[in-house]
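This report refers to the structure that appears directly beneath it.
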Amino acid sequence: MNEQDLAEASQIFKLLGNVVRLRILLLLENNPLDVSTIVERLNLTQPNVSHQLALLKQHQLVTAQRTGKRILYSLNDPHVLTMVEMAYQHSDHVVKHQEHPYFRA
């Protein structure tokens, strides 16, 4: 892996280290949504959601498509949710102070 790839991977992990961005990605799992819907469902401000979506789009985690007057955001790379789910599973073990099942004898 070259330095540029490592730097981008680091940026993606930084993006995934934000609860708001994680919530947005999980919300977009099943269908594209516009900013207003995301704002309403997550009870966030429009500027905050727009900013987070811009960051996610910059790193190709979401894509935007204009439909009439609306811009719909959707996952650009669904396997990102796999990383989110794996991190969630790991955190569940940490929070519950459990051993990881991979290492149980």
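The values are calculated or read from the model by the stated rules, or taken from the named source; none is laboratory data. These numbers come from a predicted model, not from an experiment. Neighbour counts are summed over all protein chains in view; Cβ atoms, including those assigned to glycine, are modelled from backbone coordinates with ideal geometry.
Listing for the model above:
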{"item": "Neighbours by Cβ (under 7 Å, 6+ apart or cross-chain): first from the stretch 62-89, within 20 Å of residue 11 (Cβ to Cβ); second at pLDDT below 95 and of a type in the set (Asp, Glu)", "result": "75/29; 81/29"}
{"item": "Test: residue in the stretch 9-29 that is in contact with a Lys or Arg (Cβ under 9 Å, 6 or more places away or on another chain), surrounded by 15 or more Cβ atoms within 10 Å (Cβ to Cβ) and within 20 Å of residue 65 (Cβ to Cβ)", "result": "yes"}
{"item": "Sole exception among (1) on the phi > 0 side of the Ramachandran plot; (2) under 10 Å from the mean Cα position of the chain (by Cα) for residue 97, by number", "result": "(2)"}
{"item": "Residue count for the stretch 44-60, restricted to those that are at pLDDT 95 or above, surrounded by 15 or more Cβ atoms within 10 Å (Cβ to Cβ) and either touching a strand residue (DSSP E or B) at 6+ places or on another chain (Cβ under 8 Å) or assigned to a loop (DSSP other than H, G, I, E, B) (or both)", "result": "3"}
{"item": "Test: residue in the stretch 12-28 that is more than 12 Å from the chain's Cα centre (by Cα), part of a loop (DSSP other than H, G, I, E, B) and not hydroxyl-bearing (Ser, Thr, Tyr)", "result": "no"}
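Residues checked against (1) of a type in the set (Val, Ile, Thr); (2) out of contact with any Phe, Trp or Tyr (no Cβ under 9 Å at 6 or more places or on another chain):
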position: 1; (1), (2): no, yes
position: 22; (1), (2): no, no
position: 47; (1), (2): no, yes
position: 59; (1), (2): no, yes
position: 70; (1), (2): no, yes
position: 75; (1), (2): no, yes
position: 80; (1), (2): yes, yes
position: 86; (1), (2): no, yes
